[in-house]
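The values are calculated or read from the model by the stated rules, or taken from the named source; none is laboratory data. Computed from a predicted model, the values in this text were never measured in an experiment. In this analysis, Cβ positions are derived from the backbone assuming ideal geometry, glycine residues included, and neighbour counts consider all displayed protein chains. The area values use the complete protein model at the heavy-atom level, side chains included, leaving out ligands, DNA and RNA. Shrake-Rupley method; radii C 1.70, N 1.55, O 1.52, S 1.80 Å.
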Amino acid sequence: MKKDPSDYTPGERKFADLVAALKAGKPNAMIYRKNSAVTENGDFIIGLSYHSKLQRYSCSAIEIDGVRDNGKLCSWDKDGNALDDDLSDLNIGSVHTSVRTI
């Protein structure tokens, strides 16, 4: 069942706004959309990239409950399972097919 927008976490709301901006044709929305995602707990991922050699995802920053953390090391395996104990799994459905690949 689809989640009601009034129940979105700050990260889910930010992600939904980004998708809406993309649909509306806003400038630069595609760049931000390719490099963003959301976790199963609704944390917003910034600067997502996929490491083809290591077969895992990582990000440059994460927003947990609306608070940005640029220093947290975040990584997920190729299936979106969190590799760090204090992270939730990556919502693979939110990862863009053109995510930056290293």
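What label, among [x] 50, 11, 10; [y] 24, 16, 13; [z] 20, 17, 12, belongs to semi-axes √(5λ) of the Cα gyration tensor in Å computed from the structure on display? This structure yields the entry labelled [z]. Within the listed set Asn81, Asn70, Asn28, the residue fluctuating most in the Gaussian network model of the chain (springs between alpha-carbon atoms under 10 angstrom) is Asn28. Charged neighbours of Tyr50, selected by a Cβ distance under 13 Å, balance to +3 (K, R count +1; D, E count -1).
Listed peptides 92-102, 39-49, 54-64 appear in the order 39-49, 54-64, 92-102 once ranked by packing, highest mean of other Cβ atoms within 10 Å at the front. Per-residue Karplus couplings for the stretch 28-42, computed as 6.51 cos²θ - 1.76 cosθ + 1.60 with θ equal to phi - 60°, are listed in order as 6, 4, 5, 4, 5, 5, 4, 9, 10, 7, 9, 8, 5, 8, x Hz, Gly and Pro entered as x. What nm distance separates the two modelled labels at Thr97 and Lys78, each placed 7 Å from Cα along Cα→Cβ? That separation, rounded to one decimal, is 1.9 nm. Taking every protein chain into account, the accessible area of the chain amounts to 61 square angstrom per residue (probe 1.4 Å). Calculated [222 nm] ellipticity per residue, helices only, for the chain: -6000 deg cm²/dmol; basis is -39500 (n - 2.57) per DSSP H run with n ≥ 4, divided by all residues, nearest 500. Reported to the nearest whole Å, the Cα centre-to-centre distance from the stretch 1-48 to the stretch 59-93 is 14. Can you check what the net charge comes to around Leu18, using other residues whose Cβ is under 11 Å from the Cβ of Leu18 (Lys, Arg +1; Asp, Glu -1)? Residues near Leu18 contribute +4 overall.
Apply the Kirkwood formula to the stretch 51-99: the hydrodynamic radius equals the inverse of the mean of 1/r over all pairs of different alpha-carbon atoms; give it in Å with one decimal. About 11.5 Å, per the Kirkwood formula over Cα pairs. Backbone amide hydrogens, once placed in the peptide plane, bring Leu48 within less than 5 Å of Ser36, Ser60, excluding anything fewer than 5 places away on its chain. For the stretch 74-80, putting each phi into the Karplus relation 6.51 cos²θ - 1.76 cosθ + 1.60 with θ = phi - 60° gives couplings of 10, 8, 9, 6, 5, 9, x Hz, in residue order, rounded to whole numbers and with x for Gly and Pro. Based on the Cβ-Cβ distance of Lys53 and Ile31, what FRET efficiency does E = 1/(1 + (r/R0)^6) give at R0 = 30 Å, to the nearest 0.05? Efficiency for this residue pair is about 0.80. Taking the Cα centre of the stretch 45-102 as reference, the dipole from Cβ charges on Lys and Arg (+1) and Asp and Glu (-1) amounts to some 400 debye.
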